[in-house]
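Below: the structure, in structure tokens.
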Amino acid sequence: MDQEKREFNEKFMELLYSIRKFHMLSHKNVSPLQDTSRGQGRILAILRLKSKITAKDLSYILGIRQQSLNETLQKLEKEGYIVRTPSPKDRRVMLISLTEKGNEIKPVQHDCLDVLDEFHERMLNMRNKMGSEDFQKMMRHSREMLFGGLFHHPFD
């Protein structure tokens, strides 16, 4: 069983490396504003989903400090991608929204199904090799080790 765990870990690490490599290559020749997984691109992506949002809510959604967010918002506002306007309900609260220029930035979309198909195939092969019951035990153990048992159970 220890050998299977090591093999699983190696395959999983290879998968993470492949996903990261795919991501980096697919975003190599695009603007950071188009990368919805990082920095300014994440902010623009959320503003596409919710047209007006407070900095406090945006900070919470992104999981970053409000001070860090404000620095990025200043850059985006200076470049003309966003605008901040006072809330009609509370003039102290600023609502952030995309400008026309901000709406023109299109996120990069790639089909990453090849990577997911490869991962799915590897998981099926591991399940076949180990047997369904041992595979489920290993996955349960892995989730508990990584996420403290709070993770959902996609392989059960």
Revision key, fill the gap. Assertion target for F12, F135, ordered by fewest C-beta neighbours within 10 angstrom first, is F12, F135
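With all pairs of different alpha carbon atoms counted, what Kirkwood hydrodynamic radius in Å does region 32-104 show?
Values: mean 1/r = 0.0828 Å⁻¹.
So the Kirkwood estimate lands at 12.1 Å.
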Review point. Once both labels are modelled 7 Å past Cα along the beta-carbon direction, what's the D2-E77 spacing in nm?
Key: 5.9
Check your understanding: When V93, V83 are ordered from fewest to most other Cβ atoms inside 10 Å of their Cβ, what list results?
Key -> V93, V83
Review point. Which pairs, out of K21/K101; K50/K106; K11/K137; K56/K106; K21/K50; K21/K75, put more than 20 Å between their alpha-carbon atoms?
Key: K21/K101; K56/K106; K21/K50; K21/K75
Point to revise | Extension gain, A55 back to S68 (0.36 nm per residue minus Cα-Cα distance, nm) | key: 3.6 nm
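Just so you know, all these numbers are worked out from the coordinates, no wet-lab data involved. These figures come from a predicted structure and were not determined experimentally. A quick note on method: Cβ atoms are made from the backbone with ideal geometry, for glycine too, and the neighbour counts reach across all protein chains shown.
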